[in-house]
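The values are calculated or read from the model by the stated rules, or taken from the named source; none is laboratory data. Note that the structure is a prediction, hence the values are computed from the model and not measured. For neighbour counting, all protein chains shown are included, and Cβ atoms are generated from backbone atoms with ideal geometry for every residue, glycine included. What goes into the accessible areas is simple: the full protein's heavy atoms, side chains included, and nothing from ligands, DNA or RNA. Shrake-Rupley method; radii C 1.70, N 1.55, O 1.52, S 1.80 Å.
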Amino acid sequence: MTFKKRGLMGCLTAVATIAAGLGAAQADNWKYAFEESLTEVQGVYATKFKEEIEKNSDHTIQLFPYGTLGESADLMEQTQAGILQFVDQSPGFTGALIPEAQVFFVPYLLPTDQEHLARFFRESKAINEDFKGLYEKQGLELLQMFPEGEVAMTTKEPVETCADLDEVKFRVMTNPLLVEAYQAFGATPTPLPWGEVYGSLQTNIIQGQENPTFYLYSTKLYEVTDYITYTGHSNFTTAVMANKEFYDGLSDADKKVVQDAAKAAFEHIVVYQQGLAQQELEKIKEAKPEITITVLNEEQRSCFKEAAKTVEAKFIEMTGDSGEAILKQFKADLEATK
Ligand code: 6CS
């Protein structure tokens, strides 16, 4: 081989090496923040998502549970700025950003039956198609929405009807429609970030709040309230999303890995939650035997159901045609997945 030939071969080898390098996926570390601890529902979802991504790609996921990067509003800012690649944020905190996501706070819209809910979240056009466009407008790629369980009210005094909420300062997430809902229920709604809830109950700044049963136990809310009341008016929903610019920049193969991981984590979380509320309620009773747990009957629920009509009208007033279309699709999807 002449020197000239060896030179050409060398060049070709170098070009081939660079080309192979470009073709191979780069292993990245992606940051994913959520609003709960690692062992709570959002944490269990995030852990499964991480496992799936790391099993099916060279990428790694770094998880940031609640408290490590600030409150929910901070997590959203960091995701929109591209500091975080993934975030789990409940529509309870996304209301001002995506008003249509407040549809989850129209009372008695979602069923309490967990199997029906799972089918709805899996198959709903509103959830899986319509909401995607609304999140996109805010620089977010919606990956998955999922339920976290029926919401219960916890208070310092018994609640058997709307009249019992009179003069009760009731903490809600920072969501305008949730404020409307508790106003319609007769309470004095008090929007607060999560970090202020336990202390505000302890110091009597507020006298009530709502959350799913597992969270009442894991965050020890039963220590600072004496009554747990199931009115059946709401199911806690959350949403996992990616920064859109980041997501759009992924290869098709990586997009598939992300989508598949989101779906696998959804199926995992549905099974994980079977019986969870009842189990955690038993633990609350064990920790605080004197707690009063009440499931309101139909008659007791009637004033809350009546109030729901006002809240639904308010939702349409706040969101216009776009919200009305989502609401209509929601109802159709709920009917279709019964
Ligand atoms: O009430 C809240 O603010 C919180 N509740 C739950 C179930 N998850 C996170 C959220 O911050």
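See the values below:
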read-out	value
Flag for MET145 being among the hydrophobic types (A, V, I, L, M, F, W, C) and touching a residue at least 40 places away in the same chain (Cβ under 8 Å)	yes
Any hit, region 221-242, residues being surrounded by fewer than 20 Cβ atoms within 10 Å (Cβ to Cβ) and farther than 27 Å from ASN297 by Cα	no
Of all residues in region 70-86 being touching a residue at least 60 places away in the same chain (Cβ under 8 Å) and within 12 Å of the ligand (Cβ to nearest atom), the one that is most open to solvent (accessible area, probe 1.4 Å)	ALA73
Answer residue from region 208-240, given it is under 21 Å from ALA308 (Cβ atoms) and of a type in the set (S, T, N, Q) and is nearest to the ligand (Cβ to nearest atom) among those	ASN211
Residue that is least open to solvent (accessible area, probe 1.4 Å), among those in region 110-136 that are among the charged types (D, E, K, R) and in contact (Cβ under 8 Å) with a residue 24 or more places away in the chain	ASP130
Residue tally, condition hydrophobic (A, V, I, L, M, F, W, C), within 12 Å of TYR222 (Cβ to Cβ) and surrounded by 15 or more Cβ atoms within 10 Å (Cβ to Cβ), over region 253-292	3
Residue list for region 41-58, filter: within 12 Å of the ligand (Cβ to nearest atom) and either within 13 Å of ALA264 (Cβ to Cβ) or touching a residue at least 24 places away in the same chain (Cβ under 8 Å) (or both)	VAL41, GLN42, TYR45
Any pair with Cβ under 7 angstrom, 6 or more apart, that starts in region 176-196 at a residue that is closer than 17 Å to ILE98 by Cβ and ends at one that is more than 16 Å from the ligand (Cβ to nearest atom) and open to solvent by 40 Å² or more (accessible area, probe 1.4 Å)	PRO176/MET318; LEU177/LYS314; LEU177/MET318; GLU180/LYS314
Count of region 174-195 residues which are under 17 Å from GLY67 (Cβ atoms) and not in a helix (DSSP H, G or I)	2
Given (1) within 16 Å of THR225 (Cα to Cα); (2) within 16 Å of the ligand (Cβ to nearest atom); (3) open to solvent by 20 Å² or more (accessible area, probe 1.4 Å); (4) in contact with a strand residue (DSSP E or B) (Cβ under 7 Å, 6 or more places away or on another chain), number of the condition THR174 does not satisfy	(1)
Region 196-253: number of residues that are under 20 Å from ASP164 (Cβ atoms), part of a strand (DSSP E or B) and in contact with a Pro (Cβ under 9 Å, 6 or more places away or on another chain)	2
Residue within region 108-131 that is under 23 Å from MET76 (Cα atoms), more than 15 Å from the chain's Cα centre (by Cα) and not hydrophobic (A, V, I, L, M, F, W, C) present	yes
Given (1) more than 16 Å from the ligand (Cβ to nearest atom); (2) on the phi > 0 side of the Ramachandran plot; (3) not β-branched (Val, Ile, Thr), number of the condition GLY67 does not satisfy	(1)
Search result, residues across region 203-219 that are surrounded by fewer than 20 Cβ atoms within 10 Å (Cβ to Cβ) and over 16 Å from LYS288 (Cα atoms)	THR203, ASN204, ILE205
Filter result for ILE326 (closer than 28 Å to VAL87 by Cα, touching a residue at least 12 places away in the same chain (Cβ under 8 Å) and touching a strand residue (DSSP E or B) at 6+ places or on another chain (Cβ under 9 Å))	no
Residue match in region 186-207 (condition: within 15 Å of the ligand (Cβ to nearest atom), under 17 Å from the mean Cα position of the chain (by Cα) and of a type in the set (Val, Ile, Thr))	no
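Residue by residue, here is whether (1) among the small types (Gly, Ala, Ser); (2) under 21 Å from LEU134 (Cβ atoms) holds:
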{"site": "THR292", "(1), (2)": "no, no"}
{"site": "VAL295", "(1), (2)": "no, no"}
{"site": "GLU298", "(1), (2)": "no, no"}
{"site": "ALA307", "(1), (2)": "yes, no"}
{"site": "LYS314", "(1), (2)": "no, yes"}
{"site": "SER322", "(1), (2)": "yes, yes"}
{"site": "ILE326", "(1), (2)": "no, yes"}
{"site": "ALA332", "(1), (2)": "yes, yes"}
{"site": "GLU335", "(1), (2)": "no, no"}
